[in-house]
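Down below is the structure, laid out as structure tokens.
The values are calculated or read from the model by the stated rules, or taken from the named source; none is laboratory data. Keep in mind it's a predicted model, so treat the numbers as computed, not measured. Using ideal geometry, Cβ is built from the backbone for each residue, glycine included, and neighbour counts are taken over all protein chains shown. Surface accessibility is based on the protein's heavy atoms, side chains included, excluding ligands, DNA and RNA. Shrake-Rupley method; radii C 1.70, N 1.55, O 1.52, S 1.80 Å.
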Amino acid sequence: VVQRVDQPIILTGYAALNKLLGKEVYTSHMQLGGPKVMANNGVSHCLVEDDVSGALEIIKWLSYVPCTIGGPLPLMQPKDPVDRDVTYYPEKEEKLDPRAAVAGKGKSEESTEKLLGMFDDGEWSELQAGWAKTVVTGHARLGGIPVGVVAVEVDTVSMNVPADPGDSTSSEKSVAQAGQVWFPDSALKTAQAIEEFDLEGLPLFILANWRGFSGGMRDLFDGVLQNGSRIVEALR
């Protein structure tokens with residue numbers, strides 16, 4: 001799903017919901033289906049500024065998948081040698097950056113050369129970046145071959161839960177999620193990514209660096225076991 005940042009994706013219009021609730025609660029479709037909701041709950045895979053950017057994003061996505069179901073993968077001439085070294089690695093006392101491990105890292109004050117990751121330079125396209133941030137997923141290429149990638153965030157991230165105007169008791173909150181841990185949302189994101197890459201017919205790379213599943217009462221209530229079982233089923 002590719003969503004414009006200024007357009008909503010909705011199931012029911014705000015006016016209909018207000019009528020159902022019997023009071024004026026919602027004031028726009030963006031409250032219900034704007035990117036603050038749909039990019040953070042896994043519905044939208046990519047956010048774009050306008051229709052042209054959206055069309056280009058779709059074309060880029062299609063460039064990774066076969067033209068027909070079961071067809072040959074769309075191979076490309078790699079832009080960098082397949083036998084080159086991976087030059088990115090975390091420095092001492094530095095945490096691993098999963099995106100840099102996949103796609104490399106640009107020049108910085110400490111380094112005058114770009115550090116190269118595991119996959120073809122410039123061919124990484126992240127999906128669902130705003131959702132379930134303890135897992136990183138996306139398309140890449142290796143030697144010109146399109147692949148699906150699932151990687152692990154090692155740093156602590158925040159899950160932002162918006163307040164619902166329809167619930168007077170709710171409030172916006174930010175929940176810390178430890179790195180290298182599967183939570184209900186990130187377990188679902190992992191399973192969904194594996195399922196989608198399989199439907200696209202892509203080879204799968206999992207850069208596994210997990211410590212395990214979260215096991216708190218709230219996480220169990222929110223379905224971490226069910227979502228975790230989907231990972232197993234998707235890999236079978």
(request) In whole angstrom, note down how far apart the Cα centers of segment 186-236 and segment 73-87 are. (result) 28 Å
(message) Taking the Cα centre as origin and putting +1 on Lys and Arg beta-carbons and -1 on Asp and Glu beta-carbons, what dipole magnitude results for the chain, to the nearest 20 debye?
(response) 480 debye
(message) Relative to 2.2 N^0.38 Å, what does the C-alpha radius of gyration of segment 39-173 come to as a ratio? Two decimals please.
(response) 1.27
(request) Rank S158, A234, P81 by how far each Cα sits towards the positive end of the charge dipole of the chain (+1 on Lys, Arg Cβ; -1 on Asp, Glu Cβ) and give me just the farthest. (result) A234
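Ignoring any ligand, DNA or RNA, what whole percent of the accessible area of the chain comes from carbon and sulfur when the probe is 1.4 angstrom? Each step should come with its number before you reach the end.
On the way: 7840 of 13770 Å².
Reported share for carbon and sulfur atoms: 57 percent.
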(request) May I ask you to give the average projected area over all directions of the convex hull of the Cα atoms of segment 57-96, in nm² rounded to one decimal? (result) 5.3 nm²
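Sort 57-66, 166-175 by the packing proxy (mean of other Cβ within 10 Å over each peptide's residues), most packed first. Intermediate results must be reported in sequence, preceding the final value.
Working: 57-66: 15.0, 166-175: 10.0.
Put in order of decreasing packing, that is 57-66, 166-175.
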(request) Roll a 1.4 Å probe over the protein chains and send me the accessible area per residue for the chain in Å². (result) 58 Å²
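How would H29, H45 rank on accessible area, largest to smallest, probe 1.4 Å? Walk me through the intermediate numbers first.
On the way: H29 70, H45 25 Å².
Result, largest first: H29, H45.
Quick check for me: using +1 on Lys/Arg Cβ and -1 on Asp/Glu Cβ, what's the dipole size of segment 92-148 about its Cα centre, in debye to the nearest 20? List each step's numbers first, then the result.
On the way: 8 positive and 10 negative charges, 35 e Å.
That gives segment 92-148 a dipole magnitude of about 160 debye.
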(message) Given the whole protein assembly as supplied and a 1.4 Å probe, what does the accessible area of V102 come to in Å², nearest 10?
(response) 0 Å²
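Rounded, prolate or oblate: which fits segment 95-145 when a ≥ b ≥ c are the square roots of the eigenvalues of the alpha-carbon gyration tensor, with rounded for a/c under 1.5 and prolate only if a/b beats b/c? Intermediate values should be presented prior to the final figure.
Working: a/c = 2.48, a/b = 1.26, b/c = 1.98.
Because a/c hits 1.5 or more and a/b fails to exceed b/c, segment 95-145 counts as oblate.
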(request) Could you pull out every residue, at least 5 positions away or on a different chain, whose amide H is within less than 5 Å of the one on G138? Hs are placed 1.01 Å off N in the peptide plane, and Pro or chain starts have none. (result) L127, V149
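Calculated from DSSP H runs of 4 or more alone, at -39500 (n - 2.57) each and per residue, what is the 222 nm mean residue ellipticity of the chain, nearest 500?
Values: 8 runs with 68 residues, N = 236.
So the helix-based figure for the chain works out to -8000 deg cm²/dmol.
Past the 22 angstrom mark, what percentage of all C-alpha to C-alpha distances in segment 103-182 do you count? The partial results should precede the final answer.
Working: 1494 of 3160 pairs.
Above the 22 Å cut-off, segment 103-182 has 47 percent of its Cα pairs.
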